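The values are calculated or read from the model by the stated rules, or taken from the named source; none is laboratory data. Given the structure is predicted, the values throughout are model-derived calculations rather than measurements. All Cβ positions, even for glycine, are placed from backbone atoms using ideal geometry, and neighbour counts span all protein chains on display. Each accessible area value is taken on the protein alone, full model and side chains, heavy atoms only, with ligands, DNA and RNA left out. Shrake-Rupley method; radii C 1.70, N 1.55, O 1.52, S 1.80 Å.
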Amino acid sequence: MGLDTGKPLSTLHEKASYDVADFEVPTGREEEWRFTPLSRLKGLHEGAAASANVVVHVDAAPEVTVETVGRDDERVGKAYVPADRVSAQAYSSFEKATVLTVSREAVASKPTVITFLGSGEGTAYGHTVVRLEPMAEAVVVLDHQGSAVYADNVEFVVGEGATLKVVSLQDWADDAVHVSHHHALLAKDATFRGFVVTLGGDLVRLSPSVAYSGPGGDAELNGLYFVDAGQHLEHRLLVDHSRPGCRSNVDYRGALQGTDAHAVWIGDVIIRVEAEGTDTYELNRNLLLTDGARADSVPNLEILTGEVAGAGHASASGRLDDEHIFYLQARGIPFEDARRLVIRGFFAQLLEKIEVPELRERVLARVEAELEK
């Protein structure tokens, strides 16, 4: 399949194709790659690495149908066309895809957990499709563990009036490399809640995106990340408003500590001419806990119609508030405990949105462990 010329107008998303050959090998000078240390991708952007396996295990709710299908399954690749070379490489290289389906009006009785476990050998490619038929409801957890060099694409197809809530947890080993695109396609009056938690890995680059196929769609994209010395954690978001009366809200927050801890957040929102009545807002906040940490935050808002309900963005990066620390210390709380309380408060509003209690506790424990370092 060749280039899709109907993709967004933004120069950051001008190309989309299933064919790897349609994308040049990045050099790092391109806008979409300039923040990513290509030398640490271990060949993912060149397609030269040897193939290996990441074990995929699904613990599904009874209402969810789980299938392992081949590349020729008609449900694969319907919602998303790869937008860069690594994504196209992953699409061209995966052997089996995992397809989850929730039938019409079914309400999943428990979260469905997909665990991706890396073995630490070679390079792995994957593909996952989550389909909700009209009026269905489900919660899906993507849990990434182990050591791997892994590239994949995940498609979320949310039917009319359906509600899908997703938590993607990147809890990789310290040497892992993960490059992934998550794309949600929302039908009329569909609801999508995406929550990304990125804690582990040497280099992680995630690209969540949302598109609408009917009016009334409602999307929230939330993210939490904690970056340690030497880690590179990158999140590149795109919300493409192309239908009237849709909503989106983005809230990503990160904390960084240690030399060469590097976070990158790119937030692109496009409101096309036909997307009248759009209501959108995006926010990114970074907390720099030590010297030597760096956060790059770039919100982009492209508005092509004057008929919007609301549109805005905000970005802020800074150190711990000395006044907050002093306030707590003045009440007898030791410095380290005061620091921990302030950081926990920074993340608290987002953590409440993780609706799986055991997962919320796990993330909180991991954040606490980071603060002990």
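Side notes on the structure shown:
- Top of Arg294, Arg71, Arg285 by mean-square fluctuation, Gaussian network on the chain, Cα under 10 Å: Arg71
- Heavy-atom accessible surface of the chain: percent carbon and sulfur, 1.4 Å: 48
- Per residue value of the accessible surface for the chain (all protein chains in place, 1.4 Å probe), Å²: 41
- Inter-centroid distance (Cα atoms) of region 159-227 relative to region 324-365, Å: 24
- Exposure rank, largest accessible area first [Lys110, Lys42; 1.4 Å]: Lys42, Lys110
- Based on alpha carbons, the Rg and Dmax found for region 210-277 are 15.4, 46 Å.
- Take every DSSP beta bridge whose two residues both sit in the chain; close to 10 percent of them are antiparallel.
- When the surface is traced with a 1.4 Å probe over the full set of protein chains, Trp33 keeps roughly 10 Å² accessible.
- Computed from label points 7 Å out along Cα-Cβ, the spacing between Glu358 and Asp19 is 4.7 nm.
- Kirkwood Rh, angstrom, the chain [1 / mean 1/r, Cα pairs]: 21.0
- Average Cα contact separation per residue, region 105-190, under 8 Å, 6 or more apart, as relative contact order %: 32
- The chain: angle of helix 357-371 to the longest principal axis, Cα-based, in degrees nearest 10: 50
- Helix 335-351 vs. the chain, principal-axis angle (Cα, 0 to 90°, nearest 10): 20
- Set of region 211-242 residues, backbone N closer than 17 Å to the point 7 Å along the Cα-Cβ line of Thr305: 211-219, 239-242
- For the residues Val130, Val308, a 1.4 Å probe over the protein chains yields an accessible-area ranking, largest first, of Val308, Val130.
- List Thr68, Thr128, ordered by accessible area with a 1.4 Å probe, largest first: Thr68, Thr128
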